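Student: Below you'll find the structure I mean.
The values are calculated or read from the model by the stated rules, or taken from the named source; none is laboratory data. Quantities reported herein were computed from a predicted structural model and do not represent experimental measurements. Please note: Cβ atoms are built from the backbone with ideal geometry, for glycine as well, and neighbour counts cover all protein chains shown. Accessible surface is based on the protein model in full, side chains and every heavy atom, while ligands, DNA and RNA are left aside. Shrake-Rupley method; radii C 1.70, N 1.55, O 1.52, S 1.80 Å.
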Amino acid sequence: MDVLGQEWREAFGRRANSRFTLILMLVVSTLLLLSSLYSAEASVFKKARESVLDAAAPVLAFFAGPVAFIEDRVGQVRDYFNVLDQNEALRKENAELRRWMEEAIRLREDLAGYERLQAYATELQSAPIDAFVIGDSNDAFARAMIVNAGAGKGVRKDMAVVDDRGLVGRIIEVGNRASRILLLTDAASRIPVFVENTSLRGLLIGRSGKSPVVSFEAGAVIDELAAGQRVLTSGAGGALPRGIGVGRIAAIDPSGDAVVDLDVNYARTRIVRVINYQFPEFEPAPAEVLAPPEQLAGAPPPVAIQVREAPRTVTNTGLAIDSPEPPPPPRATEDEE
Amino acid sequence: MSSRAEGFQRILKALGPTAVGLVSVLILVAPLRLFAGLAPTPILPLIVVFFWTIAAPAYMPSFSVFLIGLLQDFLSGGPLGLWPAVYLAIQYMVLAQRSYFAGREMRVVWVGFAFAALCAALMVWLVMSIMSQSVLSFRDIIWLMTVTALVYPVFSIAFARMHRAVFADR
């Protein structure tokens, strides 16, 4: 025991830092970096990331608690000074919202009418998961946040995350108690979007630091594009639901990409909602219904009718996405990410 | 018996700077959003590694530096191995120049830290640009490192007091 103690004392605090260990460690981290460059999604790394995320969640929550408390107090003090301005702004907003309410009531009646006609299927119910932001990557390039909800609460990879302003990002890593959101500004972020009141669809591409841009499909006519138009998720690719507000077009690049002013303000994102959106599924049809009985007796049933239970077979636009066998709708797959 | 307890205490003290480094990573990833998100949280672990490598390198062994960097990679979500490599490279540079820095005035060391921060910024930018296969904007990382360099004196004074009062052997 004493010998071990002696060694420890020599390693920490007594002996001069060994050049050999330093270089060894440097080589180890370089190798680690190279291997994560080439196989970022390797299962070992993934597992390790998820475990560390889980282990760190309570500690991060411990640190984030006081931060939120202090910020709230500071915010309250600031509010006292801005009461008049805020009142004015709220009055204006109230007037605007009243107008929207009138329209919403009218639309609700219309919708009820359509539902009675049974010509319209109501949107699928989703069960949102609310969570607090407990970590921020605080990195110049990697843009991510950690929230205190994980697989235990039903969070899955690729789910959309929103706050009260709009889309925040999507889930990329899920631990049991915590998960990581890839923000829209990260250079690796790709979100299928469309521009309101146009036929333009494209990918929202993060540029780490600068505002993200929408890159349109090749050959898209961008004449209809104007600053101020709303950008919403298109639901293509099957990962995110359609119609979540992302931002507004700020400017159009000379290259034809549209720079987007995001609705979300990452400096204010504290409480988020993970959208647990289930896409329409195909009921696995019983074989007898689809195949004539005489065929069942002889040859094995045709492959085409074996619709497996894939969680995401179609988007709400009816496009076929990553399903093992092509499902019934006639339209072909497009907008693969 | 008492000598063993003393030895144990000494080990705990020697582990102190490592613990400070790990806690500084946790503070770094906490959602502080200083000045409503205008200023990024400074890269505190870099200050920790730099300070102890100059002041008392024996208290900041390479393995601790590796652990601190690895924790930062795990929590910030970047590629694994990036920050350990950066911190160890900085430690290597500092150790090579330590005889120059030893006993120098505070501002000389400060300039040294600013240079180290610039090198760290270059390394991170280079790796991330290679990873994303595009030339990334240099602005953000420079801003981050500028903020880090600006707050260095405050933390180095605090760490120096902490070291003398708590961790130092005698």
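Student: Over region A:50-163, give the accessible area per residue in Å² for a 1.4 Å probe, as an integer.
Tutor: Accessible area per residue: 67 Å².
Student: Nearest 20 debye, what's the magnitude of the dipole of region A:50-206 about its Cα centre given +1 on Lys and Arg Cβ and -1 on Asp and Glu Cβ?
Tutor: The dipole magnitude comes to about 260 debye.
Student: Quick check: the distance between the Cα centres of region A:46-111 and region A:203-254, to the nearest angstrom?
Tutor: 24 Å
Student: Ordering A:MET101, B:MET60, B:MET106 by accessible area with a probe of 1.4 Å, largest first, what comes out? Intermediate values should be presented prior to the final figure.
Tutor: Working: A:MET101 100, B:MET60 0, B:MET106 80 Å².
Ranking A:MET101, B:MET60, B:MET106 by accessible area, largest first, yields A:MET101, B:MET106, B:MET60.
Student: Oh, and also: For the charge dipole of region A:44-194, defined by +1 on Lys and Arg C-beta atoms and -1 on Asp and Glu C-beta atoms about the Cα centroid, which residue among A:ALA104, A:ALA149, A:LEU53 has the Cα displaced farthest towards the positive pole?
Tutor: Farthest along the dipole direction, towards plus: A:LEU53.
Student: Shape call for region B:1-51 from the C-alpha gyration tensor, a ≥ b ≥ c root eigenvalues: rounded (a/c under 1.5), prolate (a/b greater than b/c) or oblate?
Tutor: Cα axes put region B:1-51 in the prolate bin.
Student: What are the ³J(HN,Hα) couplings of region A:85-95, residue after residue, when phi is run through the Karplus curve with 6.51, -1.76, 1.60 and θ = phi - 60°? Round to Hz, x for glycine and proline.
Tutor: Result, ordered by residue: 4, 5, 4, 4, 5, 5, 4, 4, 5, 4, 4 Hz.
Student: When you look at the Cβ of every residue in B:24-30, what mean number of other chain Cβ atoms sits within 10 Å?
Tutor: Values: counts 0, 1, 6, 3, 5, 14, 15.
The per-residue average across the peptide is 6.
Student: Tell me, in nm to one decimal, what length is gained between B:ARG139 and B:VAL23 on full extension, where the rule is 0.36 nm per residue of separation less the Cα-Cα distance?
Tutor: That pair, B:ARG139 and B:VAL23, stretches by 39.0 nm at full extension.
Student: Calculate the FRET efficiency for B:LEU12 and B:SER99 from the Cβ-Cβ distance with a Förster distance of 35 Å, rounded to the nearest 0.05.
Tutor: My answer for the efficiency is 0.70.
Student: Rounded to the nearest 0.05, what FRET efficiency do A:GLU96 and A:LEU117 have when you use their Cβ-Cβ distance and R0 = 30 Å?
Tutor: My answer for the efficiency is 0.40.
Student: Tell me the angle of helix B:139-162 to the major Cα principal axis of chain B, expressed in degrees between 0 and 90 and rounded to the nearest ten.
Tutor: 10 degrees
Student: If you place +1 on the Cβ of every Lys and Arg, -1 on the Cβ of every Asp and Glu, and leave all else neutral, what size is the dipole of chain B about its Cα centre, to the nearest 20 Debye? Could you put the intermediate results ahead of the total?
Tutor: Working: 11 positive and 5 negative charges, 87 e Å.
In debye, rounded to 20, chain B gives about 420.
Student: Also, quick follow-up: ³J(HN,Hα) across region A:144-153 via Karplus (A = 6.51, B = -1.76, C = 1.60, θ = phi - 60°), whole Hz, x for Gly/Pro?
Tutor: Here the 3J(HN,Hα) series is 8, 10, 10, 10, 8, 9, x, 4, x, 9 Hz.
Student: A further question on this structure: Residue-wise, which Karplus ³J(HN,Hα) couplings in Hz belong to region A:159-174, taking 6.51 cos²θ - 1.76 cosθ + 1.60, θ = phi - 60°, and x for glycine or proline?
Tutor: Each residue of region A:159-174 in turn: 6, 7, 10, 10, 10, 5, 9, x, 5, 9, x, 9, 6, 10, 9, 10 Hz.
Student: Now for a separate question. Starting from the Cα of A:LYS153, draw a straight line to each of the lysines and keep only those under 29 Å, dropping any in the same chain fewer than 8 residues away.
Tutor: A:LYS46, A:LYS47
Student: Return the carbon/sulfur percentage of the accessible area of chain B, one whole number, probe 1.4 Å, all protein chains in place.
Tutor: Accessible surface attributable to carbon and sulfur in chain B totals 70 percent.
Student: Hey, another quick one. If amide hydrogens are placed 1.01 Å from N in the peptide plane, which non-local residues have theirs closer than 5 Å to the one on A:TYR277?
Tutor: A:ALA160
Student: Going by Cα centres, region B:24-68 and region A:129-180 are how many Å apart?
Tutor: Region B:24-68 and region A:129-180 have Cα centres separated by 24 Å.
Student: Continuing with the same structure: As I understand it, the dipole of region A:179-250 uses +1 on the Cβ of Lys and Arg and -1 on the Cβ of Asp and Glu, about the Cα centre. Which of A:LEU232, A:LEU182, A:ALA220 lies farthest toward its positive end?
Tutor: Checking the options against the dipole of region A:179-250, the answer is A:LEU182.
Student: Going highest first, how would you order A:19-28, A:219-228 by mean Cβ packing within 10 Å?
Tutor: Working: A:19-28: 16.1, A:219-228: 11.8.
By packing density, highest mean first, the sequence is A:19-28, A:219-228.
Student: Mind putting a number on the dipole of region A:123-186 about its Cα centre? Charges go on the C-beta only, +1 for Lys and Arg and -1 for Asp and Glu, and I need it in Debye to the nearest 20.
Tutor: Working: 8 positive and 9 negative charges, 44 e Å.
Rounded to the nearest 20 debye, it is 220 debye.
Student: Now, a different point. Please say if region A:33-184 is rounded, prolate or oblate, where rounded means a/c under 1.5 for a ≥ b ≥ c the square roots of the C-alpha gyration tensor eigenvalues, and otherwise the choice is prolate for a/b larger than b/c and oblate otherwise?
Tutor: Taking the square roots of the gyration eigenvalues as a ≥ b ≥ c, region A:33-184 is oblate.
Student: By how many degrees, between 0 and 90 and to the nearest 10, does the Cα long axis of helix B:106-132 differ from the longest principal axis of chain B?
Tutor: Roughly 50 degrees between the two axes.
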